[in-house]
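Right, one structure below, let's go through it.
The values are calculated or read from the model by the stated rules, or taken from the named source; none is laboratory data. The shown structure was predicted, so the numbers you read here are calculated from the model rather than taken from an experiment. Cβ sites come from the backbone with ideal geometry, for glycine too, and all protein chains shown count toward neighbours.
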Amino acid sequence: MKKTDVKRLGNNEGVTLIVMHPTACVKCQLGQDWYKCEFEVDFIPNGYYPDYMEVERFVEEEIDGKELNIEQAAKVLYDFLKETYEPSSLSVKNHIKGCKTHFDVDVYVEE
């Protein structure tokens, strides 16, 4: 999905923080185990904020069902949001729990 393919909504309302909670199921490249990514995105908009349906579509097409480790999944979402919507600040947390091969883990990607 390219930047030109998504909607960028002007921040005419003066929104100062958006917190999103997308989820995806991925297969870890290392442990070969499926697990659920529970993302928490802290997004401080600059001139634009995202169309949430477009973010959901990106997660479904580019993360869900893919073979990615927890760090890669977080970075893929971070890069998409950063490049597409140009926020003032961005943090993506990926939380996994219930993995059969290791303990629960939180990974953060931020500026």
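Quick rundown of the values:
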| read-out | value |
| --- | --- |
| Close pairs (9 angstrom Cβ cut-off, 6 or more residues apart or separate chains): within 17 Å of Ser91 (Cα to Cα) in segment 50-75, among the aromatic types (Phe, Trp, Tyr) and exposed (fewer than 15 other Cβ atoms within 10 Å of the Cβ) anywhere | Ala74/Tyr108 |
| Count of residues meeting criterion [at pLDDT 95 or above and of a type in the set (Val, Ile, Thr)] in segment 85-104 | 1 |
| Filter result for Val15 (within 22 Å of Ser91 (Cβ to Cβ), in contact (Cβ under 8 Å) with a residue 24 or more places away in the chain, in contact with a Pro (Cβ under 6 Å, 6 or more places away or on another chain) and surrounded by fewer than 18 Cβ atoms within 10 Å (Cβ to Cβ)) | yes |
| Where a residue in segment 79-96 is charged (D, E, K, R) and its partner, wherever it lies, is modelled with pLDDT of 95 or more and assigned to a helix (DSSP H, G or I), with Cβ under 8 Å and at least six apart | Lys93/Ala74 |
| Segment 70-111, subset out of contact with any strand residue (DSSP E or B) (no Cβ under 7 Å at 6 or more places or on another chain) and of a type in the set (Asp, Glu), residue nearest to Tyr35 (Cα to Cα) | Asp79 |
